[in-house]
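**Q** Sharing a structure with you now.
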Amino acid sequence: MRTNRLVRVLSFATLAGLAFAVAAIAAEPPVVLQDPAGDDNGPGTYAYPNNEVYKRGSFDLRKVEIIDKDTTVEFRVTLGATIEDPWDSKSWDGNGFSLQFVQIYIDIDHQKGSGYTGVLPGLGTAKFADDEAWDKVVLLSPQGRTRLSAEVRGKAGNMRGGVVLPSTTRANGKTLVASVKKSELGTPSKTWGYQVIVQSNEGFPDKGDLLTRKVNETKGDHRFGGGSDYDCDPQVLDILAGQAKGEKSEAADQHKTLAWSCAGEKPGKVAHLPMIYAAPAAP
Ligand SMILES: [Ca+2]
Ligand SMILES: [Ca+2]
Ligand SMILES: [Ca+2]
């Protein structure tokens, strides 16, 4: 009897141990993508608006973490400055910050021709490659869900089906933290590709622009400078480039891939947005 009982206890302990081990490996380890400091200038020429609220580093992408959390996925985007709320977002049903707007484009299937190659309106002219077409885009915005949904409904056109809005978005120090339901996004896999675009939230956007701030030829109080007054420039401040390991050379990679030109008032050379397919670091 005693021996049997001991065997039963040991078997239970072994099974429990196995179950724990299975649970521990079921979720992929976090994906960590990094970006160098000081390349928050798009193709190399963009400058922040004049107003003092746009503090140095506010749009400088440094790190992106994608964390599998049971029924949700947490996106953590770290920038080069403490995230502040100069426009009192609580007064417009916002999320506790004001200036930043981050769009995370995800290629889930890595199939040529499957997904979208364009960008949401307001990012100017920029394209993904056919074999890196995105399937989902997660929006980290200070705008409350009602306003954000209305903007997506009214402006995203046929890309609307790919837009995923987080359940919650908040700022914590230099990091934006957003929680997305897996039922809306799917379960992250190490084969997924990512591109993370930093823009600025504009509560009074130009007609057709989805809550983004313009990049003009000359900077203004609330306008970025160093781009074009026509719609041929990519209106993005910082993106992932190269291997997304945070190496200095990735700034040059970014400037090269975002190179653009106007042909008269129309786009000439179109900026290319790369997808980063990052297998997680070995445990
Ligand atoms: Ca950066
Ligand atoms: Ca795709
Ligand atoms: Ca960058």
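Values quoted throughout were computed directly from the atomic coordinates according to the rules given, and no laboratory measurement underlies them. Values in this document were obtained by computation on a predicted structure and should not be read as measured data. In this analysis, Cβ positions are derived from the backbone assuming ideal geometry, glycine residues included, and neighbour counts consider all displayed protein chains.
**Q** Only one of these conditions is not met by LYS174: (1) out of contact with any Asp or Glu (no Cβ under 6 Å at 6 or more places or on another chain); (2) surrounded by 21 or more Cβ atoms within 10 Å (Cβ to Cβ); (3) under 26 Å from VAL32 (Cβ atoms). Which number is it?
**A** Condition not satisfied by LYS174: (2).
**Q** Where residues in the range 223-246 are away from ligand 1 (no atom under 16 Å from the Cβ) and among the polar types (S, T, N, Q), which of them is surrounded by the fewest Cβ atoms within 10 Å (Cβ to Cβ)?
**A** The residue in question is SER228.
**Q** Restricting the search to the range 93-130, which residues are surrounded by 14 or more Cβ atoms within 10 Å (Cβ to Cβ) and not in a loop (DSSP other than H, G, I, E, B)?
**A** Listed by number, the residues that qualify are GLN100, PHE101, VAL102, GLN103, ILE104, TYR105, ILE106, ASP107, TYR116, GLY124, ALA126, LYS127.
**Q** Out of everything in the range 35-89 that is part of a strand (DSSP E or B) and over 22 Å from LEU185 (Cα atoms), what residue ends up being farthest from ligand 2 (Cβ to nearest atom)?
**A** Across the range 35-89, the extreme among qualifying residues is ALA47.
**Q** Please tell me if VAL32 is over 16 Å from ASP238 (Cα atoms), touching a residue at least 24 places away in the same chain (Cβ under 8 Å) and under 13 Å from the mean Cα position of the chain (by Cα).
**A** Considered against the rule, which asks whether it is over 16 Å from ASP238 (Cα atoms), touching a residue at least 24 places away in the same chain (Cβ under 8 Å) and under 13 Å from the mean Cα position of the chain (by Cα), VAL32 comes out as yes.
**Q** Do you know which of the residues in the range 28-53 that are hydrophobic (A, V, I, L, M, F, W, C) and in contact with a strand residue (DSSP E or B) (Cβ under 7 Å, 6 or more places away or on another chain) is farthest from ligand 1 (Cβ to nearest atom)?
**A** Of everything passing the filter in the range 28-53, VAL31 is farthest from ligand 1 (Cβ to nearest atom).
**Q** Taking the condition crowded, with 17+ Cβ neighbours inside 10 Å and in contact (Cβ under 8 Å) with a residue 40 or more places away in the chain, does LEU165 pass?
**A** no
**Q** Something else: If I ask for residues that are within 16 Å of ligand 3 (Cβ to nearest atom), touching a strand residue (DSSP E or B) at 6+ places or on another chain (Cβ under 8 Å) and without any contact (Cβ under 8 Å) to a residue 40 or more places away in the chain, which ones from the range 243-270 would you list?
**A** GLN243, THR257
**Q** Something else: In the set ALA81, ALA150, ALA156, which member is small (Gly, Ala, Ser), within 16 Å of ligand 1 (Cβ to nearest atom) and either farther than 27 Å from ASP229 by Cα or surrounded by fewer than 21 Cβ atoms within 10 Å (Cβ to Cβ) (or both)?
**A** On inspection, the qualifying residue turns out to be ALA81.
**Q** Is it true that some residue in the range 52-64 is among the aliphatic types (A, V, I, L, M) and buried (at least 18 other Cβ atoms within 10 Å of the Cβ)?
**A** Yes, the range 52-64 contains at least one residue that is among the aliphatic types (A, V, I, L, M) and buried (at least 18 other Cβ atoms within 10 Å of the Cβ).
**Q** Which of the residues that make up the range 247-269 are surrounded by 17 or more Cβ atoms within 10 Å (Cβ to Cβ) and either within 16 Å of ligand 2 (Cβ to nearest atom) or assigned to a loop (DSSP other than H, G, I, E, B) (or both)?
**A** Passing the criteria: LEU258, TRP260.
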